[in-house]
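We did not get these values from a lab; they are worked out from the coordinates using the rules stated. In this text, all values refer to a predicted model and were calculated from it rather than measured experimentally. Reconstructed Cβ throughout: ideal geometry from the backbone, glycine too, with neighbour counts over all protein chains shown.
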Amino acid sequence: MTATPAPALRSFGSQALHYFAREHEGVARAPVGGPASWRGAELAARGLDALATTLVPHEVAEL
C-alpha cells in the first residue's frame, strides 16, 4: 500500500475520518507498563502535587 501525502491542513471532520479510517494493529490485550503508565492507586498514594511543577521566571517568559 502506498501512502498518499496528506494535505497541510484538514477540517475537523476530515481529520476525524482520517484518524478512524487508519490501519490498526489490533486491540491491546495487556496493560500499559513502564514509567509513562499512570495508575489510579499510585496517583492517589503520591498525591496530585507529584504531578505539579513550579516554573521559574525564564520558563514562564518562554511560554
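Worth pointing out:
- In plain terms, the chain from Glu23 to Val56 could stretch by 7.6 nm, reckoned as 0.36 nm per residue minus the Cα-Cα distance.
- Relative protection proxy for 20-33, 43-56, from highest mean packing down: 43-56, 20-33 (other beta-carbon atoms within 10 angstrom).
- Angle in degrees between helix 12-21 and the longest Cα principal axis of the chain, rounded to the nearest 10: 80
- Dipole-positive endmost among Pro35, Ala50, Ala16 within the chain (Cβ charges, Cα centre): Ala16
- For the chain, a crude dipole built from +1 on the beta carbon of Lys and Arg and -1 on the beta carbon of Asp and Glu, taken about the Cα centre, is about 280 debye to the nearest 20.
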